[in-house]
Amino acid sequence: MNILQSISNGLYATFVKDGRWEWFLSGLGYTLLISLAAVLLGLIIGILAALGKLSRIKPLKWIASLYVDVIRGTPTMVQLLIIYFIIFAHVNLSPWIVGALGFAINSGAYIAEIVRGGILSIDKGQTEAGRSLGLSQAQTMMFIIMPQTMKNILPALANEFIVLIKETAVIGMISNIDLLGAAKKVQGRTYDYLYPLLGAAVIYYVVIKILSTCLNRVEARMRKADER
Amino acid sequence: MIYINNLYKSFKNGELKILKGITETIETGEKVVLIGPSGSGKSTLLRCINLLEVPDSGSIVIDGTDITAPKTDINKVRENLGMVFQHFNLFPHLSIMENITLAPIKVKKQPKEQAQQRALELLKRVGLEDKADSYPIQLSGGQKQRIAIARALAMDPKIMLFDEPTSALDPEMVGEVLEVMKELAQYGMTMVVVTHEMGFAREVADRVWFMDDGNIQEQGTPEAVFEHPKNERTQLFLSKIL
């Protein structure tokens with residue numbers, strides 16, 4: 001058997017036989033779904049945590065700081081296992097939802113720091129102008145500071161989404177629904193590591209390459225619009 | 001009417017004393033210009049009047065309301081106080097129209113159409129009615145400052161505070177901003193202006209306050225302060241800038 005034939009046999013067994021390409025497609029779908037849900041939910045958590053950390057109300061500050069500190073100081077995989085096997089142990093939720101929740105709670109801590117930095121980078125004069133017009137602190141935050149912050153941190157958020165696509169591979173600890181899970185399922189059938197794992201790696205790489213290229217384009221366009 | 005009574009303000013936990021017991025009165029409709037060397041407390045005093053800086057002690061009473069009292073709703077007070085900043089502080093993410101109508105709509109709950117109509121009137125008044133749909137980044141410094149004045153006027157304030165409104169402008173744009181301020185003065189607005197524009201002070205001010213070292217060292221009509229300064233520090237300061 002020559003080498004070409006062996007490659008073609010391996011690819012056939014991994015992607016074509018029994019419609020296994022559908023497993024990869026569905027796995028990729030879940031990977032993207034979990035990442036997107038996590039980054040959107042994480043954004044809400046992150047904004048709340050950032051506002052908490054910047055708050056003058058001491059208990060809010062403590063809770064937000066503790067959350068960010070604990071999440072950033074423990075491994076993602078440990079957090080995921082705790083959420084799946086302890087917190088949601090007796091709740092019948094589909095693994096992708098638990099995964100998305102877990103990654104959202106994880107990502108929220110990192111997004112909180114992005115949002116906090118974004119808020120602090122807005123010129124103090126913006127707050128003073130808002131307050132001097134009679135807007136309350138909350139109104140100033142909502143109509144003046146947050147819109148500018150969100151625009152500034154958009155690239156960092158998109159980057160967080162791309163990071164999550166890679167990080168969500170550890171969801172394999174609780175379920176094999178994601179892209180890497182598809183590779184593992186195929187490997188279980190073919191007893192071959194090479195093609196499923198390399199295949200998964202290539203798919204991850206291509207998807208991330210496409211997304212980061214889009215992100216760079218959008219960023220460049222935003223910068224240009226600002227120079228108008 | 002504004003009563004300022006024995007006002008003290010310091011920064012860095014009291015290490016840096018900026019205002020050292022200021023007591024003064026500003027009549028309704030009066031135009032007061034604050035002059036003095038940098039670090040003398042002019043801007044701090046102005047910022048205390050709308051509580052952007054909270055004084056350490058002393059009180060400020062505006063039209064019968066003690067704004068330094070803990071129970072005072074400062075947002076309510078600020079509705080009557082317009083402020084114009086050295087660096088304009090327009091909102092870059094909003095169009096000029098939105099810059100002007102934001103506070104009337106959100107704070108005064110004006111209907112959008114009414115706020116926009118008023119904004120157009122104000123834009124006309126500052127000579128920028130064609131800029132309603134522009135964004136701040138598209139305007140020159142002088143135009144930005146005129147918009148900032150229109151934005152403050154949209155809340156129909158009784159008192160306007162100006163914190164070095166022309167200091168960040170290129171020289172050729174100073175005139176257009178001062179023109180708008182002079183016009184405002186003719187309408188009878190109460191104005192408190194921190195500025196280095198002595199020509200403006202001479203022309204518009206009812207009274208000039210010379211501040212140095214956290215106190216008002218000398219005050220009087222522009223003529224009295226500029227032509228016959230009694231205080232040594234005033235003489236020294238004026239000799240440097242005139």
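No lab work stands behind these numbers, since they all come straight from the coordinates. All values derive from a computational prediction rather than experimental measurement. Counting neighbours? That spans all protein chains shown, and the Cβs are built from the backbone with ideal geometry, glycine included.
Going by how many other Cβ atoms sit within 10 Å of their own, how do B:Cys48, A:Cys214 line up, fewest first?
On the way: B:Cys48 25, A:Cys214 11.
Least to most surrounded, the residues fall as A:Cys214, B:Cys48.
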| said: Given N residues in chain A, what is its alpha carbon radius of gyration divided by 2.2 N^0.38 Å? | reply: 1.26
| remark: Filtered hits (aspartates and glutamates, Cα-Cα < 13 Å from B:Lys108, offset >= 8 within chain) -> B:Glu79, B:Asp156
| said: With angles folded into 0 to 90 degrees, how steeply does helix A:146-167 sit against the dominant principal axis of chain A? Use alpha carbons for both and round to 10. | reply: 20 degrees
| query | R0 = 35 Å: FRET efficiency of B:Ser134 with B:His228, Cβ-based, nearest 0.05? | reply | 0.15
| message | Which three numbers, in whole Å and largest first, are the semi-axes of the equivalent ellipsoid of chain B derived from its Cα gyration tensor as √(5λ)? | response | 30, 22, 16
| query | FRET efficiency for A:Asp69 and A:Ser121, Cβ-Cβ distance as r, R0 = 22 Å, nearest 0.05? | reply | 0.50
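Rounded to the nearest 5, what % of the DSSP beta bridges within the protein assembly as shown are antiparallel ones?
Values: 20 of 37 bridges.
In the protein assembly as shown, approximately 55 percent of DSSP beta bridges are antiparallel ones.
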| field | Projected label distance in nm at B:Lys20 and A:Leu54, using a 7 Å step from Cα toward the beta-carbon | value | 3.7 nm
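Please find the FRET efficiency linking B:Tyr187 to A:Glu219, where r is the Cβ-Cβ separation and R0 is fixed at 56 Å, and quote it to the nearest 0.05.
Numbers: r = 47 Å, r/R0 = 0.84.
Taking R0 as 56 Å, the efficiency between B:Tyr187 and A:Glu219 is 0.75.
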| said: What lysines does B:Lys230 reach when the alpha-carbon gap must be under 23 Å and sequence neighbours fewer than 8 apart in one chain are set aside? | reply: B:Lys20, B:Lys31, B:Lys42, B:Lys240
| message | If I model a spin label as a point 7 Å beyond the Cα along the Cα-Cβ vector, how far apart are those points for A:Ile210 and B:Val54 in nm? | response | 5.4 nm
| With chain B treated as a Gaussian network of Cα nodes joined by springs under 10 Å, which of B:Lys106, B:Lys12, B:Lys76 yields the largest mean-square fluctuation? | B:Lys12
| field | J(HN,Hα) series, the stretch B:111-121, from Karplus relation 6.51 cos²θ - 1.76 cosθ + 1.60, nearest Hz, glycine and proline x | value | x, 4, 4, 5, 5, 5, 5, 5, 4, 5, 4
| field | Set of lysines near A:Lys209 by C-alpha distance (under 17 Å), chain-local residues within fewer than 8 positions excluded | value | A:Lys166
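Please figure out what share of the DSSP beta bridges in chain B is antiparallel and state it in percent, rounded to the nearest 5.
Values: 20 of 37 bridges.
Looking only at bridges with both residues in chain B, the antiparallel portion is about 55 percent.
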| said: Using a 10 Å cut-off around each Cβ of peptide A:123-130, what is the average number of partner chain Cβ atoms that fall inside? | reply: 6
| task | Taking the Cβ of A:Gly52 as the centre, find all other residues whose Cβ is under 14 Å away and add up their charges (Lys, Arg: +1; Asp, Glu: -1). | result | +3
| task | State, to one decimal in nm, how far the label point of A:Asn152 lies from the label point of B:Lys12, with both points 7 Å from Cα in the Cβ direction. | result | 2.6 nm
| Are any of the pairs A:Lys124/A:Lys224; B:Lys17/B:Lys71; A:Lys17/A:Lys184; B:Lys76/B:Lys106 more than 19 Å apart by Cα-Cα distance, and if so, which? | A:Lys124/A:Lys224; B:Lys17/B:Lys71
| note | Helix B:141-153: inclination vs chain B longest Cα principal axis, degrees, rounded to 10, gives 90 degrees
| How many partner chain Cβ atoms sit within 10 Å of a residue's Cβ in peptide B:101-111, on average, as a whole number? | 3
| message | Output the 0 to 90 degree angle, nearest 10, between the alpha-carbon long axis of helix B:232-241 and the longest principal axis computed from the alpha carbons of chain B. | response | 40 degrees
| For residues of B:154-165, the mean tally of beta carbons on other chains within 10 Å | 1
| In whole Å, how far is the Cα centre of the stretch A:66-82 from that of the stretch B:128-153? | 48 Å
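Considering every pair of different Cα atoms, what Kirkwood radius, in Å, is found for the protein assembly as shown? Don't jump to the answer; show the numbers that get you there.
Numbers: mean 1/r = 0.0376 Å⁻¹.
Evaluated over the protein assembly as shown, this radius sits at 26.6 Å.
For a quick check: sort B:Lys112, A:Lys151, B:Lys131 by the number of other beta carbons within 10 angstrom, fewest at the front. Write out the running numbers ahead of the final one.
Working: B:Lys112 10, A:Lys151 14, B:Lys131 21.
With the fewest neighbours first, B:Lys112, A:Lys151, B:Lys131 line up as B:Lys112, A:Lys151, B:Lys131.
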